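The values are calculated or read from the model by the stated rules, or taken from the named source; none is laboratory data. Note that the coordinates shown come from a computational prediction; the quantities given were computed from them, not determined experimentally. Virtual Cβ from ideal backbone geometry, glycine too; neighbours counted across all protein chains shown. We work out accessible area using only protein heavy atoms, side chains counted, and drop any ligands, DNA or RNA first. Shrake-Rupley method; radii C 1.70, N 1.55, O 1.52, S 1.80 Å.
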Amino acid sequence: MKAATMKAATAMASLSTAMATAAATTIDSTHRILESNTPDSTTTCPTSLLDESTVDACLTWQKSESSKYNCTADSYLSSLTPGKYAGLTANYLSFNTEQAFPHFPERAEMLTRCTGGTIIFSEASDIAVDPITDIGSADAVGAEIYDAYVMIYSFTREASSLGLLETLNERIRENTVNLQYEDMFPKVRNMGEYRKDGKTNIDLLMADGDFFTPVIRIDLLERDGLPMPHTWDDLVEIARFYNGTDLNDDGESHDDWGFCIYPRTGSGFNDAWIPELMYSTWATTDQTRGIQEGFLFDEETLDPNIGTGFEKAMNYWKDLWPLSADACITSTFVEGRCAIGIAPPGCWKSVFVNTDEGGVAWRDRTNGDWGPVLRDENGEALWRPTFKDGTYAEPYRLKPFGSLEVIDRETDTLVECGPNTCPKGEKIKPSNELPEDDRANRLVDSPHVGKWINRVPFYWSGGYGQGIRKSANSEVKDLMFEFFSYVNSPITSVDDIVMPSWLDDWRYSQLASYEQNYQKGGWNYDSWNEHQRVMKYALSNDVNSALTLQLPGVLMYTRDVMLDQFQKYVSGESDMETVKEETIKGWKEATLVYGKINQLDSYRATLGLNELSTYQKCTLHRQEMDAIDPAICKEATDNSTTIIIVLCSLVGAGILALVLSFFYKRYKSFQAIKKAHEQLMESTLNEATRCLQQLDYPLHLIRADEFVNDKQLTQHEVMRNSHRLTVLDNIKDVDAFVLAGKHVVFFSHQWTAFNHPDPGNLQYNFMVSA
């Protein structure tokens with residue numbers, strides 16, 4: 001075996017030498033072709049350049065190389081060239097892989113077996129800080145240890161603004177067949193985009209449709225004759241109604257809650273994002289027209305929009321906080337000890353995946369939370385929530401809560417939601433108008449039926465995407481993008497999305513049918529149906545969804561300022577006016593740390609808006625612009641002055657030109673009228689002269705004696721046909737007729753009947769007497 005390998009190596013060295021020699025010689029390139037079973041893996045040994053033994057060694061070597069790779073696992077891998085990335089190693093900074101992306105390592109191994117490229121996984125301890133520390137920021141050069149990262153979309157904006165992330169637009173275009181980017185929900189794509197220099201850059205390949213999703217114990221609503229909640233007021237009312245009552249029939253109520261949420265105090269790193277629960281409420285009053293409107297700051301002045309809507313949202317959460325417990329880390333919800341829950345969709349997977357082993361049920365807590373379902377001697381669950389008909393009542397997934405009133409931004413007052421004030425709102429339907437397969441149609445009608453509601457799916461900070469460091473080795477970047485495309489492609493993700501993980505559906509294809517994946521994942525039809533209905537609604541292009549804060553230094557705004565003020569307010573340590581003042585002050589200070597103009601540009605970019613012009617910035621933010629460079633606004637002002645002078649000159653010249661044009665046109669009009677008058681007069685004179693020389697119509701005459709003898713007026717046609725008329729065709733004929741001593745008498749008359757010119761001879765008698 002060793003000898004064969006050495007011979008193959010020697011043969012390949014000979015091949016290289018022979019190829020070099022052949023470069024200078026025109027040779028008949030007859031090749032013997034070796035084809036493997038893997039597509040696109042055809043290789044050749046040039047028989048015309050090598051002796052027989054070298055060709056055989058070459059073929060042996062090729063066959064051994066081909067057998068190293070296995071690209072048969074799926075259609076994505078089978079489309080790749082075996083050994084495509086052989087010898088390459090990429091360093092990938094992941095985060096909580098075992099829980100968030102448990103399938104990624106296995107998929108990386110499959111890619112390695114096909115292409116030869118190796119991906120080394122490392123774990124970030126803080127997903128907000130560690131990737132930025134490595135990739136770099138405005139304050140520090142990055143360590144650049146890793147080539148690519150899993151990132152949360154709200155933490156990438158500084159890297160995007162500095163151009164430190166690889167822009168993926170062209171790579172996505174080149175891999176459309178396998179990646180099928182258009183299959184991703186529009187709002188998921190939005191989370192990975194950054195507007196810069198008038199272009200939309202795709203900096204993250206998103207793989208997570210993450211927004212706060214409510215679920216509710218629909219069996220409790222049916223039992224107690226309550227309607228489905230739609231508004232935040234409804235939520236507070238139901239949470240109060242059920243809080244501290246026995247919700248799972250275990251005879252205890254001290255640990256049963258009206259409301260379960262995630263994140264909740266004790267969620268570790270995600271405690272920093274507790275204020276985002278409040279943001280999701282705030283958005284329902286302050287944003288009505290979609291992502292580009294935003295709600296956190298004024299998009300031109302960057303002043304915090306902290307007013308009536310903010311106050312209303314904070315008050316809701318002050319009511320809800322003491323009624324709430326964790327929804328995701330502990331098993332409180334799955335044990336039936338919560339009436340309503342709000343959390344990202346990934347948190348609810350454990351409730352719906354493998355219903356027989358999971359779902360809501362009593363559990364053995366001998367070894368802590370998340371114990372197995374308690375069962376009787378027949379293997380049936382001892383308790384599960386049920387409808388009145390005895391069937392299992394899985395928690396119902398509903399659209400995000402909304403508001404019946406929204407903020408008028410001109411007055412900062414609440415106005416009723418309607419078609420004009422809430423152009424993306426919707427009417428609340430009665431139960432009998434819901435789809436036949438919607439389990440909510442068994443409930444009583446909401447008191448809000450017929451009213452308009454402003455719902456705002458809120459994409460909190462947990463939306464995961466994959467980013468590549470721009471300065472990484474180009475071939476390694478190719479390998480990492482291949483991996484990201486592989487795990488993102490519908491070829492793999494349609495099945496992978498069903499397994500327990502933190503990832504939520506981000507593609508239409510993942511929700512195409514119950515049978516293709518969710519049934520195999522242990523979901524029952526009702527759960528899948530309600531899940532796909534809400535996901536498609538919240539991630540569609542037309543819905544009024546909202547993005548979380550994405551500014552550089554976002555932790556200063558949300559964790560350091562807002563979390564502190566939120567906790568003080570809900571605990572009663574601080575009053576509303578103090579909270580508002582301190583939040584505005586803290587946010588403005590955070591803005592100054594990173595630079596107001598930079599933050600303004602970043603905020604507009606995250607909304608998909610272009611930067612303000614230099615002139616606008618100098619008009620609205622002169623002090624901050626002068627602090628950057630006094631020459632910028634001076635030049636802009638000088639340019640503006642020059643432009644104004646030029647414009648005024650142009651306007652003045654334009655007005656003068658209009659005046660001159662007016663008078664010139666008046667003059668030309670007068671000349672035209674005068675000329676037309678002269679032409680008319682000339683024409684009239686010419687016509688008169690012509691009339692002196694010729695007749696327009698022949699002159700027909702009858703002898704006077706014959707006219708008298710007729711005793712009546714006779715029709716012209718009768719006289720013409722009896723040849724009694726003398727016809728003079730022109731003036732010369734008339735002159736000759738007169739010169740012959742004859743006279744012409746002209747009478748004018750009018751027919752006074754339809755069948756006779758003069759029935760009573762009245763006109764005729766006057767003519768004769770004349």
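Residues in segment 300-322 that are open to solvent by 20 Å² or more (accessible area, probe 1.4 Å), in contact with a helix residue (DSSP H, G or I) (Cβ under 6 Å, 6 or more places away or on another chain) and closer than 24 Å to Tyr396 by Cα: Tyr316, Asp319, Trp321. Against the numbered list (1) within 22 Å of Asp445 (Cα to Cα); (2) without any contact (Cβ under 8 Å) to a residue 12 or more places away in the chain; (3) among the charged types (D, E, K, R), Asp219 comes up short only at (2). Glu410 - would you say it is assigned to a helix (DSSP H, G or I) and open to solvent by 10 Å² or more (accessible area, probe 1.4 Å)? When the stated conditions are applied, Glu410 does not pass them. Of all residues in segment 240-273, those satisfying the criterion of being touching a helix residue (DSSP H, G or I) at 6+ places or on another chain (Cβ under 9 Å), assigned to a loop (DSSP other than H, G, I, E, B), open to solvent by less than 10 Å² (accessible area, probe 1.4 Å) and modelled with pLDDT of 95 or more are Leu247, Asp256. Only one entry in Asp412, Asp495, Asp408 is charged (D, E, K, R) and over 30 Å from Phe295 (Cβ atoms), namely Asp495. Of all residue pairs spaced 6 or more apart or on separate chains, none has beta-carbon atoms under 9 Å together with a first member in segment 521-547 that is without any contact (Cβ under 8 Å) to a residue 60 or more places away in the chain and a second member that is open to solvent by 10 Å² or more (accessible area, probe 1.4 Å) and of a type in the set (Val, Ile, Thr).
Screening segment 254-278 for residues that are touching a Leu at 6+ places or on another chain (Cβ under 8 Å) and of a type outside the set (Val, Ile, Thr) and picking the one that is nearest to Ser324 (Cα to Cα) gives Phe259. Can you tell me how many residues within segment 370-389 are under 19 Å from Phe352 (Cβ atoms), open to solvent by 50 Å² or more (accessible area, probe 1.4 Å) and touching a Lys or Arg at 6+ places or on another chain (Cβ under 8 Å)? The total comes to 2. If you go through segment 292-341 and keep only what is under 24 Å from Thr231 (Cβ atoms), part of a loop (DSSP other than H, G, I, E, B) and among the β-branched types (Val, Ile, Thr), you end up with just Ile306. Can you find a residue in segment 558-581 that is over 20 Å from Ala313 (Cα atoms), open to solvent by 50 Å² or more (accessible area, probe 1.4 Å) and without any contact (Cβ under 8 Å) to a residue 40 or more places away in the chain? Scanning segment 558-581 turns up no residue that is over 20 Å from Ala313 (Cα atoms), open to solvent by 50 Å² or more (accessible area, probe 1.4 Å) and without any contact (Cβ under 8 Å) to a residue 40 or more places away in the chain. Residues that are of a type in the set (Gly, Ala, Ser), at pLDDT 95 or above and crowded, with 19+ Cβ neighbours inside 10 Å were ranked within segment 441-471; the one that is nearest to the chain's Cα centre (by Cα) is Gly465. Could you say whether any residue in segment 84-92 is assigned to a loop (DSSP other than H, G, I, E, B), out of contact with any Gly (no Cβ under 8 Å at 6 or more places or on another chain) and open to solvent by less than 10 Å² (accessible area, probe 1.4 Å)? Looking for residues that are assigned to a loop (DSSP other than H, G, I, E, B), out of contact with any Gly (no Cβ under 8 Å at 6 or more places or on another chain) and open to solvent by less than 10 Å² (accessible area, probe 1.4 Å), one finds none in segment 84-92, hence no.
Pairs are defined by a Cβ separation below 7 Å, a sequence spacing of at least 6 or placement on different chains, a first member in segment 490-503 that is outside any loop (DSSP other than H, G, I, E, B), and a second member that is of a type in the set (A, V, I, L, M, F, W, C); the pairs so defined are Ser493/Val487. Looking only at residues of segment 531-557 that are in a helix (DSSP H, G or I) and open to solvent by 30 Å² or more (accessible area, probe 1.4 Å), we find that the one that is farthest from Pro457 (Cα to Cα) is Met556.
Can you find a residue that is surrounded by 10 or more Cβ atoms within 10 Å (Cβ to Cβ) and modelled with pLDDT of 70 or more anywhere in segment 635-642? Checking segment 635-642: at least one residue is surrounded by 10 or more Cβ atoms within 10 Å (Cβ to Cβ) and modelled with pLDDT of 70 or more. Within the option set Glu405, Glu475, being acidic (Asp, Glu) and surrounded by fewer than 17 Cβ atoms within 10 Å (Cβ to Cβ) holds for one residue only, Glu475. For segment 419-430, taking the residues that are under 19 Å from Pro447 (Cβ atoms), touching a residue at least 24 places away in the same chain (Cβ under 8 Å) and not hydrophobic (A, V, I, L, M, F, W, C), the one that is surrounded by the most Cβ atoms within 10 Å (Cβ to Cβ) is identified as Gly425. Among residues of segment 121-146 that are without any contact (Cβ under 8 Å) to a residue 24 or more places away in the chain, those with a Cβ under 7 angstrom from a residue that is part of a loop (DSSP other than H, G, I, E, B), sequence gap 6+ or separate chain, pair up as Thr133/Gly142; Thr133/Ala143.
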